[in-house]
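Q: Okay, handing you the structure first.
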Amino acid sequence: MLAMNYRGPYRVRTVDKPMPEILHPEDAIVKVTRTCICGSDLHLYHGMVPDTRVGSTFGHEFTGIVEEVGPLVKNLKVGDHVLVPFNIACGKCNFCKQGLYGNCHESNPMATAVGGIFGYSHTAGGFDGGQAEYVRVPYADVGPTVIPPDMDPDDAVLLTDVVPTGYQAAEMGGIKEGDTVVIFGAGPIGIMAARCAWFFGPARVIIIDHIDYRLEFAKNYAKCEAYNFKEMADPVVFLKQTTDWYGADVCIDCVGCEAEGNTLQTFSGRVALMQAGAATAFQWAVNSVKKGGIVSVVGVYGPPFNLAPIGNIVNKGITLRANQASVKRLLPKLIDHVQSGRLNPKGLITHRIPLAEVSDAYRLFSSKLDNVIKTVLVP
Amino acid sequence: MKNNQDYKNIPGWGMDADPENEPTYPIKNWTGDDHNRTNYERSEQQQDTVEILISNERPAITRVYGNTAPPSGLSGMIRRYAFKNSEDRYRHWIPLILADRVNVIEGLVEDALHGHLPNMFKERGWKVEMQHNPKKMIAKLTIGSLLVTAGITWLIRRQK
């Protein structure tokens with residue numbers, strides 16, 4: 001079968017790989033119908049995530065048709081068209097029982113800080129991902145969800161990560177009616193967080209980025225204010241000024257480890273890998289939020305030794321909330337939002353590229369060419 | 001402080017709880033009150049087919065895991081060392097990043113052994129970069145060519 005294959009930083013290709021097999025009685029094999037490149041795949045592509053092994057197949061956003069099921073799978077049958085959450089979760093451990101499917105304790109032996117994720121390095125369990133014609137799906141009774149018959153498959157594939165992560169980013173912000181919410185990063189997750197923030201009743205939603213076409217897209221899609229930080233002397237001062245010098249009620253970091261905007265952070269975090277990536281967006285979030293405010297983080301960061309502004313977190317009494325999205329927990333609510341027309345996930349899709357041209361697709365997204373927002377790969 | 005068994009009777013307890021903003025809403029079906037955190041029914045154990053490195057912050061392997069790209073060669077040796085140290089340590093993460101870089105060279109050697117010459121232009125997606133961002137691409141190629149030329153010149157002069 002055809003599959004994306006990682007060969008090193010900024011180098012990927014498609015190869016002919018052996019078909020995945022049932023390795024556990026609760027596995028399923030899914031024939032991929034749609035798969036996406038996520039902004040967090042770029043951290044792998046750029047060589048920022050430790051234990052990303054040559055030969056791996058990325059891809060944690062995909063839909064597909066069930067091709068084969070293991071003997072203990074009860075909820076799926078061959079032929080079902082499913083959307084597959086990016087988390088691999090057993091559904092039984094104490095974290096899954098709390099609905100924290102992103103923190104499953106039985107899917108990743110290689111690390112305790114994160115649960116298993118499709119195609120996201122051996123730090124996230126060493127599973128091959130969905131940027132392939134077929135994929136092995138462990139715990140098939142838990143994650144995969146049959147796509148409702150009236151749902152557009154393009155909407156469904158974005159429900160595997162982008163929509164739930166954006167929604168949870170807003171949810172973790174504890175947004176109250178009348179709040180001002182600032183979102184750092186106008187990538188697909190940031191745009192979705194801005195759109196979903198409105199579900200919680202704020203008075204203002206502001207998005208900050210440095211690429212004009214993404215800001216324009218965000219303004220139209222998420223109905224929010226959009227500003228380019230490169231046009232500001234200091235984004236933190238700007239945000240204080242625009243919030244009566246108090247700071248925002250809620251700040252959301254949708255950028256993670258590859259932030260632009262601070263030379264020292266860029267050098268120490270992205271070039272020299274001396275810390276968990278450039279923590280610029282996180283710094284700005286902590287420093288732009290009001291005293292007693294909430295900072296929500298869904299941006300991906302690397303290993304420890306980050307220059308987190310812990311002093312300011314303490315002094316300002318900030319509540320910090322962060323997690324990988326627990327997709328399965330949020331799906332009932334989000335499917336309802338999509339079916340009722342309140343949310344239009346497929347509106348994010350700007351490019352469709354054949355899986356065979358995966359190296360071009362990664363470069364397009366990585367270099368932000370051709371006004372790309374979200375790319376769907378079609379096997 | 002003594003554990004207050006009657007904490008639910010504390011005036012005001014839980015009155016501001018907002019289920020819509022509770023991290024585990026709406027599928028939470030466990031509260032922790034049953035003190036049964038670790039006594040859950042585990043799935044069957046996936047059978048080993050390849051070498052799996054396990055975090056030393058957990059007692060055993062998980063019930064399922066990925067079996068792709070098992071550790072091998074020099075990068076595998078470095079990864080085995082890394083996994084002797086916890087996720088809290090530089091000694092875990094820095095060797096893994098080093099192993100990733102070594103693994104890239106191993107990948108090139110593997111390609112060569114299989115008679116495959118990697119198409120760098122295609123694998124790096126330079127076609128779309130040239131198509132949509134020719135100025136940057138030409139600048140990159142020029143700088144790269146100059147660096148390579150300078151390096152070769154330096155080596156030749158050194159040998160003389």
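Laboratory data are not the source of any read-out in this text; all were calculated from the coordinates shown. None of the values given here were measured: they were computed from a predicted structure. Cβ atoms come from the backbone with ideal geometry, glycine included; neighbour counts cover every protein chain shown.
Q: Looking at region B:54-63 only, could you name the residues that are more than 18 Å from A:PRO138 (Cα to Cα), at the interface with another protein chain (Cβ under 7 Å from one of its Cβ atoms) and more than 17 Å from the chain's Cα centre (by Cα)?
A: B:ARG58
Q: Within region A:74-103, track down each residue that is buried (at least 23 other Cβ atoms within 10 Å of the Cβ), touching a helix residue (DSSP H, G or I) at 6+ places or on another chain (Cβ under 7 Å) and either free of Cβ contacts under 8 Å to residues at least 24 places away in the same chain or not in a loop (DSSP other than H, G, I, E, B) (or both).
A: Residues satisfying the conditions are A:LEU83, A:ASN87, A:TYR101.
Q: Here is a follow-up. Of A:ILE206, A:ILE189, which residue is in contact with a helix residue (DSSP H, G or I) (Cβ under 8 Å, 6 or more places away or on another chain), part of a strand (DSSP E or B) and buried (at least 22 other Cβ atoms within 10 Å of the Cβ)?
A: Going through A:ILE206, A:ILE189 in turn, just one is in contact with a helix residue (DSSP H, G or I) (Cβ under 8 Å, 6 or more places away or on another chain), part of a strand (DSSP E or B) and buried (at least 22 other Cβ atoms within 10 Å of the Cβ): A:ILE206.
Q: What about B:GLU51, is it within 8 Å of chain A (Cβ to nearest Cβ) and among the charged types (D, E, K, R)?
A: For B:GLU51, the condition - within 8 Å of chain A (Cβ to nearest Cβ) and among the charged types (D, E, K, R) - is not met.
Q: Then there's this: Quick check on this structure: which one of A:GLY261, A:GLY277, A:GLY256 is surrounded by fewer than 21 Cβ atoms within 10 Å (Cβ to Cβ) and of a type in the set (Gly, Ala, Ser)?
A: A:GLY261
Q: While we're looking at this one, here's another question. Considering only region A:160-169, I want to know if a residue exists there that is touching a strand residue (DSSP E or B) at 6+ places or on another chain (Cβ under 7 Å) and either surrounded by fewer than 23 Cβ atoms within 10 Å (Cβ to Cβ) or over 20 Å from A:GLY102 (Cβ atoms) (or both).
A: No, region A:160-169 contains no residue that is touching a strand residue (DSSP E or B) at 6+ places or on another chain (Cβ under 7 Å) and either surrounded by fewer than 23 Cβ atoms within 10 Å (Cβ to Cβ) or over 20 Å from A:GLY102 (Cβ atoms) (or both).
Q: Out of all the residues in region B:46-75, which are small (Gly, Ala, Ser), closer than 20 Å to A:TYR120 by Cα and without any contact (Cβ under 8 Å) to a residue 12 or more places away in the chain?
A: Passing the criteria: B:GLY66, B:ALA69.
Q: Between A:ILE175, A:ILE147, which is touching a Gly at 6+ places or on another chain (Cβ under 8 Å) and β-branched (Val, Ile, Thr)?
A: Result: A:ILE175 is the single residue among A:ILE175, A:ILE147 that is touching a Gly at 6+ places or on another chain (Cβ under 8 Å) and β-branched (Val, Ile, Thr).
Okay, residues lined up against (1) surrounded by fewer than 18 Cβ atoms within 10 Å (Cβ to Cβ); (2) under 29 Å from the mean Cα position of the chain (by Cα); (3) facing another protein chain (nearest Cβ under 8 Å); (4) not in a helix (DSSP H, G or I):
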position: B:TYR81; (1), (2), (3), (4): yes, yes, no, no
position: B:LEU96; (1), (2), (3), (4): no, yes, yes, no
position: B:GLU106; (1), (2), (3), (4): no, yes, yes, no
position: B:LYS122; (1), (2), (3), (4): yes, yes, yes, no
position: B:ILE138; (1), (2), (3), (4): yes, no, no, no
position: B:ILE143; (1), (2), (3), (4): yes, no, no, no
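Q: Let me ask you something else. Looking at A:VAL372, A:VAL376, A:VAL338, can you tell me which residue is β-branched (Val, Ile, Thr) and assigned to a loop (DSSP other than H, G, I, E, B)?
A: A:VAL372
Q: OK, next. With the condition kept exactly as written, say whether any residue in region A:160-180 is under 30 Å from A:GLU21 (Cβ atoms) and assigned to a loop (DSSP other than H, G, I, E, B).
A: Within region A:160-180 (the criterion being under 30 Å from A:GLU21 (Cβ atoms) and assigned to a loop (DSSP other than H, G, I, E, B)), the answer is yes, since at least one residue qualifies.
Q: Within region A:63-100, take every residue that is among the polar types (S, T, N, Q) and farther than 25 Å from A:GLY302 by Cα and give me the one that is farthest from the other protein chains (Cβ to nearest Cβ).
A: A:THR63
One line per residue, one yes/no per condition, for (1) surrounded by fewer than 17 Cβ atoms within 10 Å (Cβ to Cβ); (2) free of Cβ contacts under 8 Å to residues at least 24 places away in the same chain; (3) assigned to a strand (DSSP E or B); (4) in contact with a strand residue (DSSP E or B) (Cβ under 8 Å, 6 or more places away or on another chain):
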site	(1), (2), (3), (4)
A:LEU215	no, no, no, yes
A:VAL237	yes, yes, no, no
A:TRP245	yes, yes, no, no
A:VAL250	no, no, yes, yes
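Q: Hey, does region A:106-115 have a residue that's more than 10 Å from chain B (Cβ to nearest Cβ), within 25 Å of A:ILE65 (Cα to Cα) and either under 19 Å from the mean Cα position of the chain (by Cα) or crowded, with 24+ Cβ neighbours inside 10 Å (or both)?
A: Within region A:106-115 (the criterion being more than 10 Å from chain B (Cβ to nearest Cβ), within 25 Å of A:ILE65 (Cα to Cα) and either under 19 Å from the mean Cα position of the chain (by Cα) or crowded, with 24+ Cβ neighbours inside 10 Å (or both)), the answer is no, since none of the residues qualifies.
Q: Test each condition in (1) hydrophobic (A, V, I, L, M, F, W, C); (2) away from chain B (no Cβ under 11 Å); (3) surrounded by fewer than 16 Cβ atoms within 10 Å (Cβ to Cβ) for A:ILE349 and report the one that comes out false.
A: Failing condition for A:ILE349: (3).
Q: Another one. May I ask you to verify whether A:HIS60 is more than 7 Å from every other protein chain (Cβ to nearest Cβ), crowded, with 23+ Cβ neighbours inside 10 Å and of a type outside the set (A, V, I, L, M, F, W, C)?
A: In short, yes.
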